[in-house]
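The values are calculated or read from the model by the stated rules, or taken from the named source; none is laboratory data. Owing to the predicted nature of the structure, the values given are computational and were not obtained by experimental measurement. Neighbour counts run over all protein chains shown; Cβ positions are idealised from the backbone, glycine included.
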Amino acid sequence: MAIVAFLIKRLMQAVLVMLVISLIGFSIQDNLGDPLRELVGQSVPEAEREALRDRMGLNDPFLEQYWRFLGNAVQGDLGISYHFKRPALDVIADKFPATVDLVIGATIIIVLVSVPLGCWCAIRPRSWLSRVAMGASIVGISIPVFLTAIFLIYVFSVNLGWLPSFGRGESLVEIVPGWTTGFLTWGGLSHLILPSIALSSIFLPLFIRLIRSEMMEVLEQDYIRYAWAKGLAPRRVWFLHAFKNTLLPVITVGGVQIGLMLAYTILTETVFQWPGLGFMFIEAVTRVDTPLIIAYIIIVGLIFVVTNTVVDLIYTLVNPTVRLVGAPS
Amino acid sequence: MPLLDVRDLRVEFPTRHGVLTALHDVDFTVDRGERLGIVGESGAGKSVAAFAILNLISRPGHIAGGSILFEGQNLTRLSIHQMRRVRGNRISMIFQDPMMTLNPVLTIGTQMVETLKAHRKIGDAEARRIAATRLGEVKIPSPDKRLDSYPHELSGGMRQRVVIAIALLTEPALIIADEPTTALDVTIQAEIMSLMLDLCKTHGVGLILITHDLAVVSQVTQRVVVLYAGRVVETGKTARVVQDPVHPYTRGLLAALPGEGTAGARLNQIRGSMPPLTAVPAGCPFHPRCDHVQDSCRAALPALEDLDGHRVRCTRARDLASGVAA
Amino acid sequence: MNWIATRMTAFLGSDVLYRFRRDPVAMAAFAVMAAFVLAAMLAPWLSSMNPHDPAQIDIMNSEIPPVWQAGGEGAFPLGTDIQGRDMLSAILYGLRISIIIGVFAVMVQMTLGVVIGLVSGYMGGKVDAFFMRLADIQLAMSTLMLAIVALAVFKAAFGADLYEDLAIVMLILVIGFAEWPQYARTIRASVLAEKKKEYVDAARVIGLSAPVIMARHILPNTLSPLLVISTVQVANAIINEAALSFLGLGMPVTMPSLGSLISAGFEYILSGAWWITTFPSIALISLILAINLLGDWLRDVLNPRLFKG
């Protein structure tokens, strides 16, 4: 069946990308300082070091070492963080929920604001609201996300004192063991608001413009004119006939923004000292905590590959006309 | 009183280079159950006329004058809400390309049921039942199953059958079909056309058939309007216009039909092409392409001359009709 | 380069200039951008001190507020930062670094993109498929993510001190390498369109190198899309550089760009020294906004067929 072939092809691509990423990760490990020095310090004599080096397999051929690295990685062993003295993957698992909270918060804002506004701009391009939205979107694109974050802190935390300026707060709820969220208490929510707005601020202009231009294109199509000719209510023409067709390109473009989203979580988390993956990564870079850096790169690569594959799958499910052979471009 | 009475219809498109007039004072009528053909080359304003009736001309185009009387109300004066009760209910449309008219992401059933529900107080089950009946009428096999298909799962011919079924759903008084077979495979064009003709007859519904093909017009319609550069140049009973065309343009269109003249000979194309709206010549708009051109043709636009029910816009209409100029 | 001359005359004769004169937003954006570029070029003459020269910095002058606030001094119109540097001078020099990085990074992108686009479009087949898939993946991962990871790795590998000396080159290269796909796709599309034309076959028959002939035909035709892309890309490069510097992966505090100035001031915003972050921020936002407005205007006027996303 076509869908199985498509799945296999996609899966193979995903595996290939992951192999490349892991190879990059491994090369970093090989080049970033001397793991031995991190482990035993300078005082150990050279002969003893060499013996240790042999025992740890550091003198084995490159491919053999890479193969071992890969084997460990697949079993969930990405080394031990120099700073935390714990398995790198455990550290990441600790920080992961915070970043997920932030991404969900920002996504909610993006969807709630950009969908209605983008549609409105397409349906009534000459209204004052559309003009304001389009003008604001070019200003929005021009403000770096960390400045938006700083500005929000300055106004709402420092001057008005309404919302906290850093961290996730104390009142987190553990929904499953090891996984906390701030969405269920006011304390948690109040910490989420500013970072989520900051993170969404860079995507809002992008999505408003994207939804507007896609919807305007759809509204010109014959099937929309036909829908009007059938005497359908405007609501139905706009929000079923036009919007459902607008959704497809928006999902494809929107779905692959996850890479950008993760990049901006680094900036947002740094400004708000949000205890998530991004902040952890920047700290790991400052501390030259190589295992943690590599673990982050591999996990982010994995998230990216999985999301893209899922987006492609959703795309084929939502769009009945998509041809399953090859990648939809 | 005719079912549809279009008078002095004028459609304008404001552009950066001034106002372009797509239709000039166009008149035609359709009686109950009557079939009218509107003929012309592309760009003559055929489709604009069709869309003008339902007030669906794409912006910034608009109706700048004239009236469209349908079942006793002037469609040009209706509110958006009132217009919606006419569209798809009393007047249905069939578009040119069935690949583009059906929404690709909605099932056939959804697109049929919504049309019924927009105009009738009716439950989903009942609407589906009617939809399936109509699909059966347009000879679509296993209609119940087809309701759950998406448009791309059907061939072009099948899709146009679906569009015809949708047009018939609400038992309209008039169907406007804009080149309904042009985009289809040649082998099924005749099939679809005869299906349409049969259904119009059995349901007693009026038809406006828009086409560039006089052969189809002569098979399907009772009266015909020939448009050139946004004006009516000849109109009358189809049989008469096709047998004794008067306007040199109509004659040219007929001569260009394959099958006219000796087999194997070149088709007799009218020389030149229709001017774009930005460059319509003064006088008779057809004069640069006409074999019978005189000085008077360049001077002023001829009026529609009435040759007892057969009206022709040509200075030399009487000469041509009596064969003097031939 | 004859075609540049002919293109220029065509450009001046076209209605681009006419429409520019009638659009106050475009003119204002251009004026602001020109002013910034000029200020950056003349920074050494406009500044009262060289903020890169430790000998000229006096720590005693640190955290002086702008001249209109109590405690302000005439010698430091926009105040001083934590190390006693004149903010105005630091901003002018920072602007210079930001613009240099932006422009050079875009030049790297363009060179790479044009070459890959030509090769990919001309060769087709596996080569084309490889580069286009790579472009998809790279765009999806986002420039910023790639740049952050690459620079983080370099920083960890080189050590902070060596990295500071190399920062400007690394930024240009990393931002340059990360964003070639935009250009490559545009060029590739025109190569594919051009490949179908007869002169390519003709050139091959008479023994001329088809790629060279095509490049000569294609590059002039893609001038307007390249111009539009480049405008937006310079803005993106400057913004990305600022983000990287803010994260401590870009320009060091001793040789700050606008981003590193903002970053350095961020800690003091809560303690009242708002000017250290605010003035570079205003400069950065106005510069980016001016370039983006100009890019939007160019896109409308030249209306090239650009790729979405």
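Tabulated data
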{"read-out": "Condition broken by B:Met112, with the remaining ones in (1) over 25 Å from the mean Cα position of the chain (by Cα); (2) buried (at least 21 other Cβ atoms within 10 Å of the Cβ) satisfied", "value": "(1)"}
{"read-out": "Residue within segment B:72-84 that is closer than 30 Å to B:Ala132 by Cβ, touching a helix residue (DSSP H, G or I) at 6+ places or on another chain (Cβ under 6 Å) and within 14 Å of chain A (Cβ to nearest Cβ) present", "value": "no"}
{"read-out": "Flag for A:Ser81 being surrounded by 13 or more Cβ atoms within 10 Å (Cβ to Cβ) and either at pLDDT below 70 or in contact with a Leu (Cβ under 9 Å, 6 or more places away or on another chain) (or both)", "value": "yes"}
{"read-out": "Residue satisfying condition, being at pLDDT 85 or above, in a helix (DSSP H, G or I) and not aliphatic (A, V, I, L, M), within set B:Gly109, B:Gly65", "value": "B:Gly109"}
{"read-out": "Lone unmet requirement of (1) facing another protein chain (nearest Cβ under 9 Å); (2) free of Cβ contacts under 8 Å to residues at least 12 places away in the same chain for C:Leu144", "value": "(2)"}
{"read-out": "Single residue of B:Arg313, B:Arg318 found to be under 17 Å from B:Val226 (Cβ atoms) and either basic (Lys, Arg) or modelled with pLDDT under 75 (or both)", "value": "B:Arg313"}
{"read-out": "Residue in segment B:79-93 that is outside any strand (DSSP E or B), aliphatic (A, V, I, L, M) and surrounded by fewer than 17 Cβ atoms within 10 Å (Cβ to Cβ) present", "value": "yes"}
{"read-out": "Close pairs from segment B:275-294: first basic (Lys, Arg), partner surrounded by 17 or more Cβ atoms within 10 Å (Cβ to Cβ), Cβ under 9 Å, at least 6 apart", "value": "B:Arg289/B:Pro248; B:Arg289/B:Tyr249; B:Arg289/B:Gly252; B:Arg289/B:Ile270; B:Arg289/B:Met274"}
{"read-out": "Unique match (being within 14 Å of chain B (Cβ to nearest Cβ), acidic (Asp, Glu) and over 24 Å from A:Leu260 (Cβ atoms)) among A:Glu174, A:Glu220, A:Glu170", "value": "A:Glu220"}
{"read-out": "Odd one out for C:Ala189, checked against (1) at pLDDT 75 or above; (2) outside any helix (DSSP H, G or I); (3) more than 25 Å from C:Ile282 (Cβ to Cβ)", "value": "(2)"}
{"read-out": "Matching residues, segment A:266-298, being of a type outside the set (A, V, I, L, M), on the phi < 0 side of the Ramachandran plot and more than 10 Å from chain C (Cβ to nearest Cβ)", "value": "A:Thr268, A:Glu269, A:Phe272, A:Trp274, A:Pro275, A:Gly276, A:Phe279, A:Glu283, A:Pro291"}
{"read-out": "Options B:Ala317, B:Ala300: the member that is surrounded by fewer than 13 Cβ atoms within 10 Å (Cβ to Cβ), over 23 Å from the mean Cα position of the chain (by Cα), of a type in the set (A, V, I, L, M) and not assigned by TED's automatic domain parsing to the domain that holds B:Arg231", "value": "B:Ala300"}
{"read-out": "Qualifying residue in segment A:111-118 (condition: surrounded by 16 or more Cβ atoms within 10 Å (Cβ to Cβ) and within 14 Å of another protein chain (Cβ to nearest Cβ))", "value": "no"}
{"read-out": "Test for B:Arg10: is it surrounded by 20 or more Cβ atoms within 10 Å (Cβ to Cβ), touching a residue at least 40 places away in the same chain (Cβ under 8 Å) and basic (Lys, Arg)", "value": "no"}
{"read-out": "Qualifying residues in segment B:100-117 (those that are without any contact (Cβ under 8 Å) to a residue 12 or more places away in the chain and farther than 19 Å from B:Pro172 by Cβ) - the one nearest to the other protein chains (Cβ to nearest Cβ)", "value": "B:Met100"}
{"read-out": "Among the residues listed as A:Thr316, A:Thr290, A:Thr286, the single one being among the hydroxyl-bearing types (Ser, Thr, Tyr), more than 19 Å from A:Ser27 (Cβ to Cβ), out of contact with any His (no Cβ under 8 Å at 6 or more places or on another chain) and modelled with pLDDT of 80 or more", "value": "A:Thr286"}
{"read-out": "Test: residue in segment C:191-210 that is of a type outside the set (Phe, Trp, Tyr) and surrounded by 22 or more Cβ atoms within 10 Å (Cβ to Cβ)", "value": "yes"}
{"read-out": "Test: residue in segment C:230-245 that is within 14 Å of chain A (Cβ to nearest Cβ), charged (D, E, K, R) and closer than 27 Å to C:Leu293 by Cβ", "value": "yes"}
{"read-out": "Failed item, numbered, when C:Val103 is tested on (1) in contact (Cβ under 8 Å) with a residue 40 or more places away in the chain; (2) surrounded by 18 or more Cβ atoms within 10 Å (Cβ to Cβ); (3) not small (Gly, Ala, Ser)", "value": "(2)"}
{"read-out": "Boolean, A:Gly231 is small (Gly, Ala, Ser) and more than 10 Å from every other protein chain (Cβ to nearest Cβ)", "value": "no"}
{"read-out": "Close pairs (6 angstrom Cβ cut-off, 6 or more residues apart or separate chains): loosely packed, with under 15 Cβ neighbours inside 10 Å in segment A:148-168, part of a helix (DSSP H, G or I) anywhere", "value": "A:Trp162/A:Phe156"}
{"read-out": "In segment A:144-162, the residues that are in a helix (DSSP H, G or I), over 22 Å from C:Ala242 (Cβ atoms) and more than 10 Å from every other protein chain (Cβ to nearest Cβ)", "value": "A:Phe156, A:Asn159"}
{"read-out": "Residue list for segment C:275-306, restricted to those being facing chain A (nearest Cβ under 8 Å), touching a Ser or Thr at 6+ places or on another chain (Cβ under 7 Å) and of a type outside the set (A, V, I, L, M)", "value": "C:Asn292"}
{"read-out": "Matching entry among C:Gly272, C:Gly207, C:Gly248 (being away from every other protein chain (no Cβ under 14 Å) and on the phi > 0 side of the Ramachandran plot)", "value": "C:Gly207"}
{"read-out": "Close pairs from segment B:49-65: first farther than 18 Å from B:Ser79 by Cβ, partner modelled with pLDDT of 85 or more and assigned to a loop (DSSP other than H, G, I, E, B), Cβ under 8 Å, at least 6 apart", "value": "B:Phe51/B:Ile57; B:Ser58/A:Glu220"}
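Condition check ((1) modelled with pLDDT of 75 or more; (2) surrounded by 11 or more Cβ atoms within 10 Å (Cβ to Cβ)) across all residues:
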| position | (1), (2) |
| --- | --- |
| C:Met1 | no, no |
| C:Ala5 | no, no |
| C:Leu12 | no, no |
| C:Val16 | no, yes |
| C:Pro24 | yes, no |
| C:Ala29 | yes, yes |
| C:Met41 | yes, yes |
| C:Trp45 | yes, no |
| C:Met49 | no, yes |
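Every residue, every condition in (1) among the basic types (Lys, Arg); (2) modelled with pLDDT of 70 or more; (3) loosely packed, with under 13 Cβ neighbours inside 10 Å; (4) over 27 Å from A:Leu78 (Cβ atoms), yes or no:
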site: A:Leu7; (1), (2), (3), (4): no, yes, no, yes
site: A:Met12; (1), (2), (3), (4): no, yes, yes, no
site: A:Ile21; (1), (2), (3), (4): no, yes, no, no
site: A:Ser27; (1), (2), (3), (4): no, yes, no, no
site: A:Gly33; (1), (2), (3), (4): no, no, no, no
site: A:Ser43; (1), (2), (3), (4): no, no, yes, yes
site: A:Ala47; (1), (2), (3), (4): no, yes, yes, yes
